[in-house]
1. Using the Cβ atoms and a cut-off under 15 Å, what net charge is assigned to the surroundings of residue 75, where Lys and Arg are +1 and Asp and Glu are -1?
2. What is the fewest-to-most order of 135, 141 by other Cβ atoms lying within 10 Å of their Cβ?
3. Quick check on packing: order 23-34, 76-87, 119-130 by the mean number of other C-beta atoms within 10 Å, highest mean leading.
4. Restricting things to alpha carbons, tell me how big the chain is in terms of Rg and Dmax, in Å.
5. Projected onto the charge dipole of the chain (+1 at Lys/Arg Cβ, -1 at Asp/Glu Cβ, origin at the Cα centre), which of 102, 20, 2 gives the Cα projection farthest towards the positive end?
6. Can you sort 40, 22 so the residue with the fewest Cβ neighbours within 10 Å comes first?
7. How much mean residue ellipticity at 222 nm does the chain get from its helices, if each DSSP H run of length 4 or more adds -39500 (n - 2.57) and you divide by all residues, to the nearest 500 deg cm²/dmol?
8. Expected output is a single nm value to one decimal: the length gained when fully extending between residue 150 and residue 120, i.e. 0.36 nm times separation in residues minus the C-alpha distance. What is it?
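Nothing in this text is a laboratory measurement; each read-out follows from the coordinates by a stated rule. All of these numbers come straight from a predicted model, not from anything done at the bench. We place every Cβ from the backbone using ideal geometry, glycine too, and count neighbours over all the protein chains shown.
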Amino acid sequence: MSVARTICLRLLTVRARTRTELAAELRRRNVPDEAAHTVLERLAAVRLIDDASFAEDFVTSRVAERGLAGRELRRQLKEKGVADDIVEAATANVDADTERATAGRLVERKLRSMTSLDPTVQTRRLLGLLARKGYSSALSYAVVREAVIAAGGALDTAALDDTASGLA
């Protein structure tokens, strides 16, 4: 049991982890299931493992630092083994308005560094950026279109229409 506890505490020292992540690591290191269960229960009892807190912190940091959309946040949390009800509760604050504002900031920031590129290339890269962050194509198209208008025609709207229809 002390081996399992040491493994878990070392992993938790680096960053917060879900119960599933810790259980998988203990399994990988051939820790007996009974010992792993006992250690994980104890860590949960003293709140060193708390999937709900982990999920809330994960969502807050990923939206602020990386600008991820709710869909991508939900995918990553489920991949980490967080229960569906906890995932939904943690991502409840990532509504359509939040996503639109975050996508707009991402596009504005990226657009500033792309002024020397061809308008079609700019459009394709902006739409690709938002797609990689998990934004829907409809939202991506709308946000890029708004950025085009706000930039005062820096991008060719015909190129935007052509690129967006090619991605659909």
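1. My count for the surroundings of residue 75 gives +3.
2. Exposure proxy ranking, most exposed first: 141, 135.
3. 119-130, 76-87, 23-34
4. Final numbers for Rg and Dmax: 21.1, 65 Å.
5. Result: 2.
6. Numbers: 40 20, 22 23.
Ascending number of Cβ neighbours within 10 Å: 40, 22.
7. Helix-only estimate at 222 nm: -23500 deg cm²/dmol.
8. The span from residue 150 to residue 120 would gain 9.1 nm if fully extended.
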